[in-house]
Structures are given as C-alpha cells and as structure tokens.
1. Among (1) assigned to a helix (DSSP H, G or I); (2) over 20 Å from the mean Cα position of the chain (by Cα); (3) not acidic (Asp, Glu), which single condition is residue 35 missing?
2. For the range 1-13, state whether one or more residues are under 22 Å from the mean Cα position of the chain (by Cα), surrounded by 15 or more Cβ atoms within 10 Å (Cβ to Cβ) and part of a helix (DSSP H, G or I).
3. Among the residues of the range 263-275, which ones are within 15 Å of residue 22 (Cα to Cα) and either exposed (fewer than 14 other Cβ atoms within 10 Å of the Cβ) or touching a Lys or Arg at 6+ places or on another chain (Cβ under 7 Å) (or both)?
4. Residues in the range 348-355: is at least one open to solvent by 40 Å² or more (accessible area, probe 1.4 Å) and more than 19 Å from the chain's Cα centre (by Cα)?
5. Is it fair to say residue 132 is among the small types (Gly, Ala, Ser), out of contact with any His (no Cβ under 6 Å at 6 or more places or on another chain) and closer than 30 Å to residue 255 by Cβ?
6. Working only within the range 316-330, note down all residues that are closer than 12 Å to residue 261 by Cβ and in contact with a Leu (Cβ under 8 Å, 6 or more places away or on another chain).
7. Can you spot a residue in the range 197-206 that is open to solvent by 60 Å² or more (accessible area, probe 1.4 Å), of a type in the set (Asp, Glu) and either outside any helix (DSSP H, G or I) or modelled with pLDDT under 75 (or both)?
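The values are calculated or read from the model by the stated rules, or taken from the named source; none is laboratory data. Bear in mind the structure is a predicted one, so any value in this text is a computation, not a measurement. As a convention, Cβ positions derive from the backbone with ideal geometry for all residues, glycine included, and neighbour counts pool all protein chains shown. With ligands, DNA and RNA removed, areas are computed over all heavy atoms of the protein, side chains included. Shrake-Rupley method; radii C 1.70, N 1.55, O 1.52, S 1.80 Å.
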Amino acid sequence: MPVYRSIRDLDWTLLIVTLALCGLGILQIYSATLSTKWQDAWWKQIVLVVSGLAMMWMASNIDYHMLLGRVTYLYLASLALLITTAVAGNKVFGSTRWIRVAGFTFQTSEFVKIVLILLVARYLADLKTAGSVGWKDLAKLGGLVGLPMLLVMKQPDLGTSLTYIPIFVASVFMAGLRWKYIAVIAAVLLVSLPIGYHFLKPYQKDRLVGFVYPDRDPKGTGFQVIQSRIAVGNGGMWGRGTKESSQTHLGFLPVPHTDFIFSSFAEEHGFVGVVIALVLYFLLIMQVVQNAQTATDKAGLYICMGVAALLLFHVLVNVGMVVGKMPIAGIPLPLMSSGGSSTWSIFLMLGLVNGVRLRRFVN
C-alpha cells in the first residue's frame, strides 16, 4: 500500500533546496580541486548526489514506525560496526574512522547519527508521562548516546562525536526538560570542561590553542585559521570569481573541497554568495521543522527535530570554524563538502523527514 496519494505529496521544497545546495557544492569542489590530485572529486560528488537521491527516495517510502520497532537491533549493530572499525578499519592521518566493504570505504560514525535519531525518538515517544523528562530518563538516554560517542572519540574523531550531542539535546528539550535540570547540567558541563581538556589528544589541544591564539604560531597551529580568514576576507562583496581564488589555488587552504569548502566558496563568490548559501541552509532547516510541526505523532516530531538540530549544528560549527569563531573540529558542511558517507547520511536523514511527511497521507 503506497504511503502517499500523489507525487505532489512529496516535499518538493525540501528536495529543491537540497539540490540547490548540492549544486553549489559540486561547483565549488570543481573549482577548488582544479589541477590538484583531487581534480576528479567533483564528478564523484555528482555520483554521490545521484545515488543519495535514490537513498532518500527509498528512506521516504519506508514506514519509520517499522524502523522504530527495530531500533534496538539497529543500535546494537551500530555499536558492533564501530567496534569493527576500531579493530579492522583503515587508518588515515592517524585516525581509524573508515571501514572497507565490497571496494567502498565508509565512515561508520556518519551512519550512527541516523540510528541515534531513531533511538532518541523511540525512547522519548514511549515516555508514559508527557512533558517531564526526569533524571532517570536523562541518565538512560545519555548513556545510550554517550556509548557510541566514546567509541567515536577513541578513533579519534572528536568532531563527529560532538555531532551526536544536538540530537540528544534538541529532543529532550522538545520532550519537556525542566529548567532546574538545565541549570544543573550547565553547571556540570562548565566544571567538566577544564577536566576534559586533559583527555584530549595533543593535536586536538593544538587546535584549541590555535583557535584562541592563532597569531602565536601563524605557521603552525594557527595556520589553518589565519589562511581561512584571509580567504573569506578576499571575497569582498561579489567574490573573485570561479577558479580565481588565490588562497585556494596557491595551496594556502588545506583540503579546500572538504572541511574548508566554505572558505573557498566565500573567496570566489563573496558576501553575496555566502548570504545565498546561508539562506538556502535556513530554508532547508525550516522545512524540516515545518515537517516536525505537521507530524502525526511524537516519534515523527522527534525524528524531524533531531535532523534539524544536527543540520544546524553542522552549519554553525563549520561556518564558525572557517571565520575563526569556532575551533577547527573537522565537521563537514552538509551537502556541500566532498565526502561519500557524510553526503549519503544526510540524504538518508532527509528521506526519513520526507517519510514523516508522507505518513500524513496514509488512509
């Protein structure tokens, strides 16, 4: 039995905005990687987007209630996958984040985000007392989210592990977290920050120092931040034009098609281009929120808000990172940064959101 009456029931606004952001990303990947060892990354990204659309379509047509009913198995499978990655994964740049399956390399932690969105939604939707998340619930849910976070941090991948937090935070807020709990949690976090610093890897500490004092070591820990800010400033109002960015094409920006793609984009398309991109992200997130508002049940609401919170976190941290307002955390820009696992996971999440929308049309 189809879950929609007509193709018009699909969220076309969500799809159009998604494709617009993908188009900007492909254009920038092409420009940023021209005459480099990554110069074929743009057409690979096209393949990823096309295959991502197919995944989005399949996820849209799966009843999310069926996934919620099997989320325990999905969660256990995701933990097993993270452990397998730690034991038998590919080590790149000192991190073991990827696993190779049938000739394809996957960053397993990206797909764990989807499982956590479903897990948190299922847990909160099953609460017997509406509008009150107690300490016991916070502890249980925090432990369930914290376990994969610790496994990802051990890879080490602090950036991706931090993206699990907004899924948890946004959902418990929506479920009705009391203000006294918020105050206590905030106080604990403030006290824990100095302690947590001592458990960071040396390169992670260098990133924090480089963020706070970039001019102290301009050729070392502060290099990426300084060069990224120069690239953004070079863009001016209208940008220098496609393939005309000096910071990118002279090699000052590291991996300009992944984590620092927004710096390269800002240099080539200027303030006007940046505003257009940010407006598209705003429309994308607001469309996800709109689907949350029209969801037929609490589980659908939590799924959509988990996706919205995750997208917002990615955009805020990545854009803040490239302008020197956030520490460098290795968090990609959704739909624009080059990368298979990240692109596919976002498309699958948007497919879940569209599935929540389509459930409204069930007879």
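1. (1)
2. Scanning the range 1-13, I find no residue that is under 22 Å from the mean Cα position of the chain (by Cα), surrounded by 15 or more Cβ atoms within 10 Å (Cβ to Cβ) and part of a helix (DSSP H, G or I), so the answer is no.
3. Restricting attention to the range 263-275, the residues satisfying the condition of being within 15 Å of residue 22 (Cα to Cα) are 265, 273-274.
If the condition is that a residue be within 15 Å of residue 22 (Cα to Cα) and either exposed (fewer than 14 other Cβ atoms within 10 Å of the Cβ) or touching a Lys or Arg at 6+ places or on another chain (Cβ under 7 Å) (or both), then no residue fits.
4. Scanning the range 348-355 turns up no residue that is open to solvent by 40 Å² or more (accessible area, probe 1.4 Å) and more than 19 Å from the chain's Cα centre (by Cα).
5. When the stated conditions are applied, residue 132 does not pass them.
6. Scanning the range 316-330 gives 318, 319.
7. Restricting attention to the range 197-206, the residues satisfying the condition of being open to solvent by 60 Å² or more (accessible area, probe 1.4 Å) are 197-199, 201-203, 206.
Narrowing further to those that are of a type in the set (Asp, Glu): 206.
From what's left, either outside any helix (DSSP H, G or I) or modelled with pLDDT under 75 (or both): 206.
Looking through the range 197-206, at least one residue is open to solvent by 60 Å² or more (accessible area, probe 1.4 Å), of a type in the set (Asp, Glu) and either outside any helix (DSSP H, G or I) or modelled with pLDDT under 75 (or both).
Yes or no, residue by residue, for (1) among the basic types (Lys, Arg); (2) buried (at least 24 other Cβ atoms within 10 Å of the Cβ):
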position	(1), (2)
296	no, no
305	no, yes
311	no, no
314	no, no
322	no, yes
340	no, no
360	yes, no
